[in-house]
Amino acid sequence: MNEQEIVFSLDIGTRSVVGIVGCHEGEKFNILAYDVEEHKERAMYDGQVHDIELVAKAAGNVKQRLEEKLGIKLTSVAIAAAGRSLKTHKVLLERRIEKENPIERDTISSLEIEAIQKAQIEVEEMLTGDGNQYYCVGYAVVNYYLNGGIIANLEGHKASNVGVEVLATFLPKLVVDSLYSVVSRIDLEVSSLTLEPIAAINVSVQNNLRMLNIALVDVGAGTSDIALTKNGSVFAFGMVPVAGDEITEKLAETYLLDFDTAEQIKLALSKKSKIKFKDIMDITKQLSAEEMIAAINPSIEQLAKDICDKILEYNGKSPSAVFLVGGGSLVPGLEKHIAMMLQLPLERVGLRKITQIKELEIKDKKLSGPEFVTPIGIAVTAFMNKQKDFLTVYVNEKSIKLFNSKALTVADALILVGFNPRSLIGKRGLSLSFTLNGKLETVKGQLGESARIFINGSQGSIDKTLSNGDRIIIDPAIDGNNAEVNISSYASLSRGKIVYINNVEKILTPEIIVNGEHQTVDYKIKEQDFVEIKAINTVEELFKFMGIETNDIFIDMNGKPAELNSNVSNGDYINWNNNLNPEADTTGSIHSNGIVVTVNGEPLTIEQNKDSLMFLDIFNHIEVDVLKIKGINSMRLNGKDANYTDTIKSGDIIEFHWEK
């Protein structure tokens, strides 16, 4: 027999150590030998090693006897952490987000990671407070929340507030370290480490059933361990501190028995119709099993209630089925009470025995009860996995170990390394809100950029499955810049105008007042500022700005009569006279039968004695020494090239140049 094909497993329990040696032959796992030794003293409490030397001694005796039976040297062993060592905790996490953007998958993953980290912190504070490390070995989303209401899926929705409620389970690192210490004391190396509930499920629940919501209950001596499956994996673990010993103690109390005798009677109740025994007074009695079961039925009901309450607490509802393993599951009537309390058909609650495992070859009929499901499951799981109990991966060059209890993803690595999940999502910069001319204005900050995840140099995602040795690099998200805006950003309000008042250029600059103080267009607006931009838009506002009285006034705009409410635009020519009689020429700028133009920057009044005037008429009203010029180089009318025959009107700007 090839030693490398041998699988040696140890189930280090509270009461005893069970050792199994087997190997695979074709499609079946063949159990070659097994051995059991009870602890001589209380070396373990609730699955936790308390006295390493005593536990190592019991495990060493089991190892030695198995080596003698098989004539081989055992060098490595598969072990499991007790389900009762696991800590399950439920948390609710809420977060405010930008309501304008649809919720993406990365945002949901970030939310879940933060919730699990919150659960881990709370577990450590509640249980130890000494910084002991915990491995997250499973979690499930109980509910998602959108603006305070429960929703099935957040992705694609828009909201200002999102939340997630998760149920997370953690394994104390101390439990793992103590198991390793026991194994090293008896000259063995750990070949595989799993969880007892997972080991039991691997031989009790076929792969095609694991998509169902199933509760596996391992009823031991002191505790009943619960594992819940859904969507192909174990998502939650629970424990109730009552199990088979409570029934034994009730028998001892009722019939005046020592503990060992009561334990033997408990095991016989499901096998015999008549029970004969001696009590501590040395009185021999014989009672029917039915009568004795009725006497202890209240204790059985209480055990069933405690188990069902824990299942409902973590599962939120009755599961599809309940599988019972462990020696305590043989308590008569337990199945019936559990089925009734969970409102399940009786056939959906049942014992899982070794004989029901199709892939198992076993010759010893003594190795057939539900108490051997977990020890055999440890051995089978070790062969199934054929890989290390921990994966070593690197996150931003930091080495971490992940407990290999399920398909591990980038998210699991980030949880353990303590990566801030909010660094995965780039936040939009802060918005800027202020009041502009009495109206509330809001300017949005820039959108952020999400983190980039690289696995072994290739871009990946947060839900990518990891392998041993993978190197993960996280380029953190980049937050968007906060909103910034100057007065000049409001060009239509803050831009000045150039107009010509009686042919004199005038620059009209808007009046800018912020929080009661005058500012310039370069002013950077701050949160909650009160901004007023007072632009000059009408003739009346213009004259008020210039201090011109508007009583008894005649106004001409671009050669046409205008009113006080006429709009003023950039480049307008506005002429005015303070007498309604156009013949009065108090300013020299208005003539009843003439026009006013600007020639080479100087105002010029031209008498109009015909229907219209042409560009050529300009030369009759300006002094040019034709003997001193060689010729006109350019003629422009209102900024454009002009011809001699172009029509001119009041307010036109005329330019011409010549060579001397």
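Tabulated values for the structure
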quantity	calculated
Yes/no for ASP475 being without any contact (Cβ under 8 Å) to a residue 40 or more places away in the chain and of a type outside the set (Lys, Arg)	yes
Pairs, first not assigned by TED's automatic domain parsing to the domain that holds ILE512 and assigned to a helix (DSSP H, G or I) in the range 422-438, second surrounded by fewer than 17 Cβ atoms within 10 Å (Cβ to Cβ) and at pLDDT 90 or above, C-beta under 8 Å, six or more apart	none
Residue in the range 416-428 that is modelled with pLDDT of 85 or more and either touching a strand residue (DSSP E or B) at 6+ places or on another chain (Cβ under 7 Å) or hydroxyl-bearing (Ser, Thr, Tyr) (or both) present	no
Those residues of the range 173-192 which are under 24 Å from ALA379 (Cβ atoms), in contact with a Phe, Trp or Tyr (Cβ under 9 Å, 6 or more places away or on another chain) and surrounded by fewer than 24 Cβ atoms within 10 Å (Cβ to Cβ), in sequence order	VAL176, LEU188, VAL190, SER191
Leading residue by the ranking (modelled with the highest pLDDT) among those in the range 559-598 that are charged (D, E, K, R) and surrounded by 11 or more Cβ atoms within 10 Å (Cβ to Cβ)	ASP572
Subset of the range 19-31 (residues that are modelled with pLDDT of 90 or more and of a type in the set (A, V, I, L, M))	ILE20, VAL21
Count of the range 518-537 residues which are modelled with pLDDT of 90 or more and either polar (S, T, N, Q) or over 46 Å from the mean Cα position of the chain (by Cα) (or both)	1
Given (1) within 36 Å of the chain's Cα centre (by Cα); (2) surrounded by fewer than 18 Cβ atoms within 10 Å (Cβ to Cβ); (3) of a type in the set (Asp, Glu), index of the condition GLU540 fails	(1)
Residues being among the acidic types (Asp, Glu) and closer than 19 Å to ILE226 by Cα - total across the range 348-379	1
Output for the range 323-333, where each listed residue is part of a helix (DSSP H, G or I) and out of contact with any strand residue (DSSP E or B) (no Cβ under 7 Å at 6 or more places or on another chain)	GLY327, LEU330
Enumeration of residues in the range 458-492 that are in a helix (DSSP H, G or I) and buried (at least 18 other Cβ atoms within 10 Å of the Cβ)	ILE487
Unmet criterion (only one of (1) part of a helix (DSSP H, G or I); (2) touching a Gly at 6+ places or on another chain (Cβ under 9 Å); (3) modelled with pLDDT of 85 or more) for GLU67	(2)
Top-ranked residue in the range 5-38 [being within 15 Å of ASN61 (Cβ to Cβ) and among the acidic types (Asp, Glu); ranked as surrounded by the most Cβ atoms within 10 Å (Cβ to Cβ)]	ASP11
Members of the range 334-349 found to be surrounded by fewer than 17 Cβ atoms within 10 Å (Cβ to Cβ) and either among the small types (Gly, Ala, Ser) or closer than 24 Å to GLU263 by Cβ (or both), listed by number	LYS336
Scan of the range 261-282 for residues that are surrounded by fewer than 17 Cβ atoms within 10 Å (Cβ to Cβ) and either charged (D, E, K, R) or assigned to a strand (DSSP E or B) (or both), ordered by number	LYS271, LYS272, LYS274, LYS276, LYS278, ASP279, ASP282
Single residue of the range 493-507 satisfying the filter (on the phi < 0 side of the Ramachandran plot and not in a strand (DSSP E or B)) that is modelled with the highest pLDDT	GLY496
VAL142 part of a strand (DSSP E or B), surrounded by 16 or more Cβ atoms within 10 Å (Cβ to Cβ) and modelled with pLDDT of 90 or more	no
Qualifying residue in the range 533-552 (condition: within 24 Å of GLY445 (Cα to Cα) and not assigned by TED's automatic domain parsing to the domain that holds THR442)	yes
Test for GLU94: is it acidic (Asp, Glu), surrounded by fewer than 20 Cβ atoms within 10 Å (Cβ to Cβ), modelled with pLDDT of 85 or more and within 30 Å of LEU408 (Cβ to Cβ)	yes
Options LYS497, LYS506, LYS526; residue that is of a type in the set (Lys, Arg), surrounded by fewer than 14 Cβ atoms within 10 Å (Cβ to Cβ) and touching a strand residue (DSSP E or B) at 6+ places or on another chain (Cβ under 8 Å)	LYS526
Where a residue in the range 228-239 is free of Cβ contacts under 8 Å to residues at least 40 places away in the same chain and its partner, wherever it lies, is among the charged types (D, E, K, R), with Cβ under 9 Å and at least six apart	THR229/ARG210; ASN231/ARG210; GLY232/ARG210
Members of the range 443-452 found to be outside any loop (DSSP other than H, G, I, E, B), under 26 Å from SER110 (Cβ atoms) and not basic (Lys, Arg), listed by number	GLU449
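Residue by residue, here is whether (1) in contact with a Phe, Trp or Tyr (Cβ under 7 Å, 6 or more places away or on another chain); (2) within 28 Å of LEU167 (Cβ to Cβ); (3) among the basic types (Lys, Arg) holds:
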| residue | (1), (2), (3) |
| --- | --- |
| ILE214 | yes, yes, no |
| ALA243 | no, yes, no |
| GLU249 | no, no, no |
| THR261 | yes, no, no |
| GLN264 | no, no, no |
| ALA268 | no, no, no |
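Let's see how each residue does on (1) touching a residue at least 12 places away in the same chain (Cβ under 8 Å); (2) in a loop (DSSP other than H, G, I, E, B); (3) over 30 Å from PRO241 (Cβ atoms):
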{"site": "VAL77", "(1), (2), (3)": "yes, no, no"}
{"site": "VAL91", "(1), (2), (3)": "yes, no, no"}
{"site": "GLU100", "(1), (2), (3)": "yes, yes, yes"}
{"site": "ASP106", "(1), (2), (3)": "yes, no, yes"}
{"site": "LEU111", "(1), (2), (3)": "yes, no, yes"}
{"site": "ILE116", "(1), (2), (3)": "yes, no, no"}
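The values are calculated or read from the model by the stated rules, or taken from the named source; none is laboratory data. Since the model is a prediction, treat every value here as computed from it, not as a measurement. Every residue, glycine among them, receives a Cβ derived from its backbone with ideal geometry; neighbour counts consider all protein chains shown.
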